[in-house]
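Enquirer: Here it is: the structure, laid out below.
The values are calculated or read from the model by the stated rules, or taken from the named source; none is laboratory data. Nothing here was measured: the structure is a model prediction, and the numbers come from that model. Here the Cβ positions follow ideal geometry from the backbone for every residue, glycine too, while neighbour counts run over all protein chains shown.
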Amino acid sequence: MQINCFQRVSEELDKAGAPLDAAEAQGVLFGLFASKGAVSEHDWLSELVPESHKIGRFHQPGLKAMHAEAISQLASGENMGIDLCLPDDTAPFEERLNALRGWCQGYIYGFGAGGGPVPNKLPADAREVFEDIMQISRLDADSSESEDNEQAYIELVEYLRVGVVVLHLALHPGIELPDSDQRLH
């Protein structure tokens, strides 16, 4: 994901009338992938914009790139992690933490909207990751910026980068993703 993906995609979503930012939108996307195995760009955008026909009026290269990048990251047998679309490290800590919470809330929404299995029916590793995502979605957004909190934030981001792939692979080993000749292994 490009350095400015958070700002660019958030602006595109705002123009399209979507009530969420780039982090939450990407969370919805990966939640849909986890629940369905594959999701078209149109189906994902329909979840983001209340009136999905409006999304077509806007040129949204950032959203298209986000969808394509998600497919690439999940399809790569070499990549054991995804790139989260979050504010960069220069953004205030509270903004970054809110975006991380929003990413997790989006993931939970996407997983449910896609008809994912009941969390207690997930394989043990996948269930643990899903429960952790639920916990992160409820973090206190009023946490102050400190060295300890910054380190914890970095660790959570790194955990999600890998955990989302672990959950996806547990539910969809070897599934072919749309617009990709690669298969998950």
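Enquirer: Could you go through the range 110-124 and let me know if any residue there is basic (Lys, Arg) and either part of a loop (DSSP other than H, G, I, E, B) or out of contact with any Lys or Arg (no Cβ under 9 Å at 6 or more places or on another chain) (or both).
Expert: no
Enquirer: Which one of Asn79, Asn4 is under 21 Å from Val166 (Cβ atoms), modelled with pLDDT under 90 and among the polar types (S, T, N, Q)?
Expert: Selected residue: Asn79, the only one of Asn79, Asn4 that is under 21 Å from Val166 (Cβ atoms), modelled with pLDDT under 90 and among the polar types (S, T, N, Q).
Enquirer: Let me ask something else. Could you list all residues from the range 141-158 that are at pLDDT 80 or above and not in a helix (DSSP H, G or I)?
Expert: Result: Ser146, single match.
Enquirer: Take the range 125-140 and flag every residue that is part of a helix (DSSP H, G or I) and aliphatic (A, V, I, L, M).
Expert: Ala126, Val129, Ile133, Met134, Ile136
Enquirer: A follow-up question, please. If you go through the range 115-140 one residue at a time, how many are at pLDDT below 95 and surrounded by 18 or more Cβ atoms within 10 Å (Cβ to Cβ)?
Expert: So the answer is 3.
Enquirer: I would also like to ask the following. Could you please tell me which pairs satisfy a Cβ distance under 9 Å, a separation of 6+ or placement on different chains, a first residue in the range 168-181 that is loosely packed, with under 13 Cβ neighbours inside 10 Å, and a second residue that is modelled with pLDDT under 55 and not β-branched (Val, Ile, Thr)?
Expert: Pairs found: Pro173/Leu184; Pro173/His185; Gly174/Arg183; Gly174/Leu184; Gly174/His185.
Enquirer: Let me ask you something else. Exactly one condition in (1) surrounded by 14 or more Cβ atoms within 10 Å (Cβ to Cβ); (2) modelled with pLDDT of 90 or more; (3) not in a helix (DSSP H, G or I) is not met by Asp88; state its number.
Expert: (1)
Enquirer: Something else about it: Given (1) at pLDDT below 95; (2) touching a Pro at 6+ places or on another chain (Cβ under 7 Å), identify the lone condition not met by Glu41.
Expert: Result: Glu41 passes all but (2).
Enquirer: Could you list, ordered by first residue, the pairs with Cβ atoms under 9 Å in which the first is in the range 109-131 and under 18 Å from Val28 (Cα atoms) and the second is assigned to a helix (DSSP H, G or I) and acidic (Asp, Glu), at least 6 apart or interchain?
Expert: Pairs that qualify, where the first residue is under 18 Å from Val28 (Cα atoms) and the partner is assigned to a helix (DSSP H, G or I) and acidic (Asp, Glu), are Tyr109/Glu24; Tyr109/Glu47; Gly110/Glu47; Ala113/Glu47; Gly114/Asp43; Gly114/Glu47; Pro119/Glu131.
Enquirer: Considering only the range 76-128, state which residues are of a type in the set (A, V, I, L, M) and touching a Leu at 6+ places or on another chain (Cβ under 7 Å).
Expert: Residues satisfying the conditions are Leu84, Leu86, Leu97, Ala99, Leu100, Ala113, Ala126.
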